[in-house]
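So the structure is just underneath, and the comments pick up after that.
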Amino acid sequence: MFACHLPWWRSSATCKLWQSGHFLPWGRCQMLTIKGINTTVGQEQQASMQEKRALEDLEMPLARREMETLFQEQPETGNQYLEDTLLQSYLKTHLPPKVLEEVHQDLERFGNRLLTKIQPLSWECELNPPVFRQYDAWGQRVDHIHTCSAWRRMKEISAEEGLIAEAYERRYSNWSRLYQAVKLYLFSSSSGGFSCPLAMTDGAAKVIESLGIPGSLKNAFDRLTSRDPKKFWTSGQWMTERRGGSDVANGTETVARKQPDDTYCLYGFKWFTSAADSDVTLTLARIADAEGQCTQGSRGLSLFFLRVRDEEGKLNSIQVQRLKDKLGTRQMATAELWLQGARAELISAEGRGVAAISNMLNITRIHNVITAVAAMRRMISLSRDYARKRVAFGKLLKDHPLHMQTIARMEVQARGAFLLLMEIVRLLGLAETNLASEQDQLLLRLLIPVAKLYTGKQASAVAVEAMESFGGQGYMEDTGLPVILRDALVLSIWEGTTNILSLDVLRSLAKSQGQVMAAFLSTVQKKLELASGTEELSPGVQRTRGAIGSLQQFLEAAGSERALTMELAARDFSYSLARIYTGRAKTGITEPWNGSALLMEHAARPDASSTDVCAALRWCNQELCPVAVESGRGSYGSGAALQDSALVFGSSRL
């Protein structure tokens, strides 16, 4: 990249001043003196005055030096909605005219609020992370988590804007969920990390709604979906325990003991609880029988709802062990908690906790995608503005072809990820209003883990590449750019790592006995038919159809293979689905792009721009079905598995 930055004492302006004799870098060279030179008194005074002026110039702030040119203009973004032409074109294409009119007005207003009111709060949240106070001045245990005023204001704004309510009021029928996702997408990069508690709040509301909103949870549902800041609640999601990770079936040790009033008291240790300052939470636990025994495995897990604090603000028999020291998302309090008899309500059928909480996981994974796409869009927007302002090697960065090629590749990636996000929330909206076909529902089940694993990986790759586009400034904390990178890195980990979700994709195929895959292939073919009428897109259509054929051949061959083969192929298989349906780079952001049905469909619109067509074609220039290629190379056999272990461990003992 060309955005290199020299320290102030080595800038080109400094060198010119040095050469002209008007500037002496203090501490970087010896002071020039007139000692040993025969001069008159007048000459000595004149030399002394020149030296004095040089020193005064050195001490003068850089901003006051007329010849100083080191400073650069800060990259800025305007109204995020109005600057996002892809978002606007998507809404114009898909929303009914009346809905579009109302939504457009609200999003323009929201974009202005983000720019003028909310973005400053975001930076305040970063500068003032939560603080944990375990004891008061007199030695009494208080376990108080203090959050800054900006964080608390974000909660109020979330209610005022209906960031959860919009999806459940269903003012726009099946388009309500998509509209909510768009607002969350715009909010995410300015939320100061508050997108995380909103994800879990949305997930909790979804679980309660899926249970039919029982009377005991009516108040909780109303508060979780409220527009009133004084009533609005946020929710946590307490699943990870000391054994950790996604293996909740074997890792959950929390025990639930039934009480005479039919409530339960929970005992256990929650190792990683995001948004520990939330009002309520959903959590898994094992119900103990009369002898104190618990059923192990996933069949022993049940789902519980609990209030974190009582009406007086006291913790519900919960002790805070400590706050987690995380790489990113430092704006949010994540804690280790001891449950020491916490009062809770059983809300699933006994032993059906995993099935009941699956709705929450689907919603939080979609929020993960929203955050990933928003992070990509924010970094690219800043890189683009910087390219218009930063001069390097005699011209603006935007006039360096290689620099623009790199940003263009990031842009294509962000476009594909955005369209995949919109596809998922469109399908979810149909499902929530009973308008989804069986094929729609099967496709949604498959695309959620595919989109989460894909966009999570690519968000961090785009953030790294975009940071590099700023040169040394990208590495400076006070620019805010490192914050975006750190926060993006969690997206491939939270709610299931790439490998865990790849295996989940395989489970969805097996559970549906091939119906999910049939729905996928049928949908892609329909989207390609729409694009086949556009002559400019024909090369991309042909390549995508070829990739579909390769994928089908792999599936036919894999049908007779052992389970090991499919496990080894799981990641490449999931990537192939993502590349064909949406797309991604082969191995890194700086490589040419792959093709996708969604980009083809968007580029085939009557009012599509040349940029839409260009983006779709660029996706089609590389391998769309890596699983078929790697299968042909023998990458998934038992011999390959042994070679993998040998490469990792070498001659050390396994």
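When Gly429, Gly416, Gly472 are checked against the criterion of being touching a residue at least 40 places away in the same chain (Cβ under 8 Å) and surrounded by fewer than 19 Cβ atoms within 10 Å (Cβ to Cβ), Gly472 stands alone in meeting it.
The listed residues are Ala204, Ala220, and the only one of them that is under 24 Å from the mean Cα position of the chain (by Cα) and in a helix (DSSP H, G or I) turns out to be Ala204.
Return the residue satisfying two criteria in turn: it lies in the range 263-281 and is open to solvent by 30 Å² or more (accessible area, probe 1.4 Å) and modelled with pLDDT under 95, and of such residues it is nearest to Trp151 (Cα to Cα).
Looking at residues that are open to solvent by 30 Å² or more (accessible area, probe 1.4 Å) and modelled with pLDDT under 95, I get Phe272.
Which residues, counting only those in the range 513-560, are in contact (Cβ under 8 Å) with a residue 12 or more places away in the chain and open to solvent by 70 Å² or more (accessible area, probe 1.4 Å)? Passing the criteria: Gln515, Leu530, Gly533, Glu536, Pro539, Arg543, Arg545, Gln552, Gln553. Among the residues making up the range 432-447, those that are of a type in the set (A, V, I, L, M) and open to solvent by 10 Å² or more (accessible area, probe 1.4 Å) are Leu435, Ala436, Leu442, Leu444. Among the conditions (1) without any contact (Cβ under 8 Å) to a residue 40 or more places away in the chain; (2) surrounded by fewer than 18 Cβ atoms within 10 Å (Cβ to Cβ); (3) assigned to a helix (DSSP H, G or I), the only one that Ser89 does not satisfy is (1).
This table checks each residue for (1) under 21 Å from Glu126 (Cβ atoms); (2) basic (Lys, Arg); (3) free of Cβ contacts under 8 Å to residues at least 60 places away in the same chain.
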site	(1), (2), (3)
Leu327	yes, no, no
Glu350	no, no, no
Thr364	no, no, no
Arg388	no, yes, yes
Asp399	no, no, yes
Arg409	no, yes, no
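Considering (1) modelled with pLDDT under 75; (2) among the charged types (D, E, K, R); (3) open to solvent by less than 10 Å² (accessible area, probe 1.4 Å), the lone condition that Arg584 does not fulfil carries the number (3). Among the conditions (1) open to solvent by 20 Å² or more (accessible area, probe 1.4 Å); (2) closer than 30 Å to Leu127 by Cβ, the only one that Ser246 does not satisfy is (2).
Within the range 114-131, the residues that satisfy the criterion of being in a helix (DSSP H, G or I) and open to solvent by 50 Å² or more (accessible area, probe 1.4 Å) are Leu115, Thr116, Lys117, Gln119, Pro120, Trp123, Glu124, Leu127.
The values are calculated or read from the model by the stated rules, or taken from the named source; none is laboratory data. Model, not experiment: these values are computed from the prediction. Glycine gets a Cβ as well: all are built from the backbone with ideal geometry, and neighbour counts include every protein chain shown. Surface accessibility is based on the protein's heavy atoms, side chains included, excluding ligands, DNA and RNA. Shrake-Rupley method; radii C 1.70, N 1.55, O 1.52, S 1.80 Å.
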